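Okay, structure first, notes after.
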Amino acid sequence: MLGICRGRRKFLAASLTVLFVPAVTWIYLFAGSFEDGKPVSLSPLESQPHSPRYTASSQRERESLEVRMREVEEENRVLRKQLSLAQSRGPAHHHGNHSKTYSMEEGTGDSESLRAGIVAGNSSECGQQPAVEKCETIHVAIVCAGYNASRDVVTLVKSVLFHRRNPLHFHLIADAIAKQILATLFQTWMVPAVRIDFYDADELKSEVSWIPNKHYSGIYGLMKLVLTKTLPSNLERVIVLDTDITFATDIAELWAVFHKFKGQQVLGLVENQSDWYLGNLWKNHRPWPALGRGYNTGVILLLLDKLRKMKWEQMWRLTAERELMSMLSTSLADQDIFNAVIKQNPFLVYQLPCFWNVQLSDHTRSEQCYRDVSDLKVIHWNSPKKLRVKNKHVEFFRNLYLTFLEYDGNLLRRELFGCPSEADVNSENLQKQLSELDEDDLCYEFRRERFTVHRTHLYFLHYEYEPASDNTDVTLVAQLSMDRLQMLEAICKHWEGPISLALYLSDAEAQQFLRYAQGSEVLMSRHNVGYHIVYKEGQFYPVNLLRNVAMKHISTPYMFLSDIDFLPMYGLYEYLRKSVIQLDLANTKKALIVPAFETLRYRLSFPKSKAELLSMLDMGTLFTFRYHVWTKGHAPTNFAKWRTATTPYRVEWEADFEPYVVVRKDCPEYDRRFVGFGWNKVAHIMELDAQEYEFTVLPNAYMIHMPHAPSFDITKFRSNKQYRICLKTLKEEFQQDMSRHYGFAALKYLTAENNS
């Protein structure tokens, strides 16, 4: 007992030291910050070197004060660390609990409660039981459906990952669209200590479809009601979030609040900050019943095990059925039903401080939730206007949101040191492949790019297309970066069929693209264009990875493998569909060649027929593609024959041939070892030939390359000798791989290369 009380006295002494030293220090600094009775700023941003009061003496005083501030802050940090160790040793000694916990310095848990515990160090309890263990998994549930919500949830997840120091387990109630998008995103994101589980939202529709709902969230806005039934039966507690939430603190602090629940409290909610449930917003406004102002369900803490024991499912259903007899429908989806249940059973609620859900809809009392930026915990954009909402500090909130919106998600792939991660097969395979590379190899960076996993967000914009029922549909496939964005509208005007595009962008560029697309009538009128964002990583442009991503996500039986800087002739889409039938592409291995031309003029009167194109070719307005710099690339097309051809004709493969072709969707992928400029298409055409595809030139089809500034990669190819050496090495290795894979027939590629 004596030892316990000694420990208590030491604990109290350390606590008082932490509180007393900073106070004395700041009194000293504050007193020393006055000169002639006027305050002197310590911030270099506020200094005015051109002022007559700014002297060498005051500069020395400033520097001295700043040095002293840093010393005191370091002393405080050490004291806090010692105090934290004393706290963690106390419970371990008396209770046998050896789990590591966050210290105050690390900013986890409920800091106010921790401070209160420190001050009350002479109470009957010698140590404070930690609220959140260091490696405790935090469970988060989110309902997400559709293309827009899938974008929104990424920003929410970024804000959580940015601050978190605990393993996370996301439970995503998603429809088929959101599952496809988010499963690919998280699989390619590869964030350590993050687990994702999906639950089929479409299977849950029958549970809530009987409830009429006027809210813009639709049927999915009711699905939080059935989480006790949907989530695993062994999951005891979960934080439930709307997709329009932004975190400004570690989510572990919110998780720690579960320990404050008492008695029958099973729901943690913030009071609604608008007057909606008071029923005075307009004449004849009649909201659902609620306790006072009611509660907002954008952030919910659910004690699932207790809710199940209370028969939550039966409780909310009976309440909803009763209220719907007079209310007829919900106006705010699940929130109305939660509030009606709470009205009848107020003991269920633990009211969270309002900074855990600062609601930014019009005419709210949200400004009462914070006095300073440091008070903010969670921001909720719960107005249909979203970022355009009216609020005194909306500019600050908007900037905070945009910070995470445009934040490089690759930087969030950080390990949680001291916390074991679950084995990830993809991550382990990647590490194994990288470890087999020789880092001293001059072409190491080229080889490494082949194994780089790029974070990928499929269907960044709304996509809606059903392929033609006659099985002749063709999708145009291409890839681009930010500097080719201006080609999109022109391509959409020339090609009315479906398009699959892979865009190589940073997080910030993806948002620029979104704004560009949303501001374009041409792009917004097209729902059959799939935009797939592949996020930037590394120093090379992964051209063939981009092509593979675009190829993989088509819904038609055929695809036209093009490039973004080519405009197809008007009517090419319908012409190709007819050619597919005429040449029996469904039952034969054919690659239909669309002859390529180019112009050096930025403004071109696009030819509307083959005759008009031939005339422009004769006048020198158009040229066969790359005839003056890379003749071999398209020479086998035999343009002389094409001029007079009226029926399709077959051509043979030759070295360096790289035409643009129409093929079945089951054709081989592009080889990822080729990045940037050089041999990326050549290798693919070579593999088609090795697989015995017939190359057939279409007599009435054409495409025209539009002029643009040279890409960064072609500039590197031309100026960097090592770049060219590595490309040559990769070519030779590819040809050797072809020989091993296809045997004797592939020897011709080595011979052709030597003769070219």
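The values are calculated or read from the model by the stated rules, or taken from the named source; none is laboratory data. Worth saying up front: this structure is predicted, and the values here are computed from it rather than measured. Cβ coordinates were reconstructed from backbone atoms using ideal geometry, including for glycine residues, and neighbour counts include every protein chain displayed. Heads up: the accessible areas ignore ligands, DNA and RNA and are worked out on the full protein's heavy atoms, side chains in. Shrake-Rupley method; radii C 1.70, N 1.55, O 1.52, S 1.80 Å.
For the reader, a short list of remarks on this structure follows.
- Long-range HN-HN contacts of LEU352 with modeled amide H, under 5 Å: LEU269, VAL270, GLU271
- Estimated FRET transfer efficiency when R0 is 45 angstrom, pair HIS259-ILE725 (beta carbons, to 0.05): 0.10
- Mean Cβ count within 10 Å, highest first, over the residues of peptides 401-413, 695-707, 472-484, 317-329: 472-484, 695-707, 401-413, 317-329
- Net charge of neighbours whose Cβ lies under 10 Å from the Cβ of SER506, counting Lys and Arg as +1 and Asp and Glu as -1: -4
- Cα gyration tensor category, rounded, prolate or oblate, for segment 305-378 with a/c compared to 1.5: oblate
- Spacing of the modelled spin labels on THR644 and GLN518, each 7 Å from Cα toward Cβ, amounts to 5.7 nm.
- Calculated FRET value between LYS493 and ASN148, using beta carbons and R₀ = 22 Å, to 0.05: 0.30
- Summing Cβ point charges (Lys, Arg +1; Asp, Glu -1) relative to the Cα centre of segment 138-412 gives a dipole of roughly 520 debye.
- Shape of segment 432-530, Cα gyration tensor, a/c cut at 1.5: prolate
- Size of charge dipole - segment 456-749 - debye, nearest 20, with Cβ of Lys, Arg +1 and Asp, Glu -1, no other charges: 680 debye
- Environment charge of ASN638, counting only residues whose C-beta is closer than 12 Å and scoring Lys/Arg +1, Asp/Glu -1: +1
- Restraint check, LYS179/LYS262; LYS590/LYS681; LYS134/LYS377, Cα-Cα greater than 25 Å: LYS179/LYS262
- Summed side-chain charge close to ILE181 - residues other than ILE181 whose Cβ falls under 13 Å, Lys, Arg +1, Asp, Glu -1: +1
- Protection proxy ranking, peptides 720-733, 523-536, 254-267, 146-159, average beta carbon neighbours within 10 Å, highest first: 146-159, 523-536, 254-267, 720-733
- Gain on full stretching of the segment that runs from LYS589 to ALA508 - 0.36 nm per residue minus C-alpha separation: 25.0 nm
- Dipole magnitude for segment 181-276: computed about the Cα centre from +1 point charges on Lys and Arg Cβ and -1 point charges on Asp and Glu Cβ, it is near 240 debye.
- Peptides 366-374, 272-280, 681-689, 636-644 ordered by packing proxy, namely the average of other Cβ atoms within 10 Å per residue, highest first: 681-689, 272-280, 636-644, 366-374.
- Distant-in-sequence amide H partners of LEU461 (H built 1.01 Å from N, under 5 Å): TYR531
- Integer Hz, Karplus 6.51/-1.76/1.60 couplings in order for segment 636-646, x for Gly and Pro: x, 4, 6, 5, 4, 5, 4, 4, 10, 5, 10
- Part-to-part distance (alpha-carbon centres) for segment 317-350 and segment 585-615, which is given in Å: 63 Å
- Between amide H atoms placed 1.01 Å from N, distances below 5 Å from ILE138 occur with LEU168, HIS169, all of them 5 or more places distant or on a separate chain.
- Share, in percent, of DSSP beta bridges within segment 456-749 that are antiparallel, nearest 5: 40 percent
- The simple Förster model, with R0 at 22 Å and r as the Cβ-Cβ distance, assigns SER206 and GLN180 a FRET efficiency of 0.50.
- Per residue accessible area of segment 505-584, 1.4 Å probe, in Å²: 35 Å²
- Segment 502-564: C-alpha gyration tensor shape, a/c 1.5 cut-off, then a/b vs b/c: oblate
- Karplus (6.51, -1.76, 1.60) ³J(HN,Hα), θ = phi - 60°, over segment 430-445, in Hz, Gly and Pro reported as x: 4, 4, 5, 5, 5, 5, 7, 7, 8, 5, 8, 5, 5, 9, 4, 5
- Distance from segment 628-694 to segment 195-217 (C-alpha centre basis), Å: 48 Å
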